[in-house]
Amino acid sequence: MRRARHSGFWLRGLKAGDSHAWSWLVAEFSGKLVGYATRMGARDPEEVMSATLETIAMRIADFEGNESQMRSFVFSIAHARIVDDLRKATRRSEVSIENTLTLLEADEPNEDTFSDPDLLKALSRLPQEQRRMLELRYVVGLSTKETAEAVGKSEVATRVGLSRAFARLKDLLVDDLRLASEEVR
C-alpha cells in the first residue's frame, strides 16, 4: 500500500511539473531505458532514453494508471523510440535501393522504365503484397498514407511493410549479384 501511495505521489508531481518528481523519474528509469535500448539493438541508446523522457514529458498529463501501468507507459514509449531509431538506420541502407527504384517512377510502364532485368527479376520474387506496396508507392507515386489506404492497412503497418519490402528486395538483388559473380568464376 505504501508503494502505491509513493508512485501516486510521484505521478501527481510529474503532472504538476515538480522538478523533484522529474528527477525521480530520470533516476528511476534512465539506466533501465539505456539498458533496454542497448539490448534491443538501438544505434544510440542514450538518444533513445532522451527521446523517451521527452515524449513522457509531453504525454504525462494524459496518463492515468498505477505504478505497473506507468512502467508499461514508459517502456511502450521507449519501444516506439527504438523502432524509430532502427528505421533511421534502415533508411540509410535503403538509399541504394531507392536509386534503383527510380527506374520505376514513370506514370505508365514502358520498356525504358523496366530496363533493369535484375530489378524486375527480384521484384517478381517478392510476395504479392510487398510488390504491390512498392508499385503503388514508387510506380504510381502515391504517398505512404495513400498507399496505406489503397492496401487497407494503417500508415505505420505500411511503412513497416515498405521497409521490409526494401530489405527483402535488397537481399534478393545482393543474392543475385553474388550468384552472378560465382558463375563468372
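Before moving on, here are some points about what is shown:
- So MET40, is it at pLDDT below 85 and surrounded by 14 or more Cβ atoms within 10 Å (Cβ to Cβ): yes
- Scanning the range 26-38 turns up no residue that is outside any helix (DSSP H, G or I), assigned by TED's automatic domain parsing to the domain that holds ALA16 and out of contact with any Phe, Trp or Tyr (no Cβ under 9 Å at 6 or more places or on another chain).
- Looking only at the range 10-25, residues that are loosely packed, with under 15 Cβ neighbours inside 10 Å and either assigned to a helix (DSSP H, G or I) or touching a His at 6+ places or on another chain (Cβ under 9 Å) (or both) come to 6 in all.
- Some residue of the range 59-69 being among the aliphatic types (A, V, I, L, M) and either at pLDDT below 85 or out of contact with any helix residue (DSSP H, G or I) (no Cβ under 9 Å at 6 or more places or on another chain) (or both): no
The values are calculated or read from the model by the stated rules, or taken from the named source; none is laboratory data. None of these values were measured; they are calculated from a predicted model. No Cβ is skipped: glycine too gets one built from the backbone with ideal geometry, and neighbour counts run over all protein chains shown.
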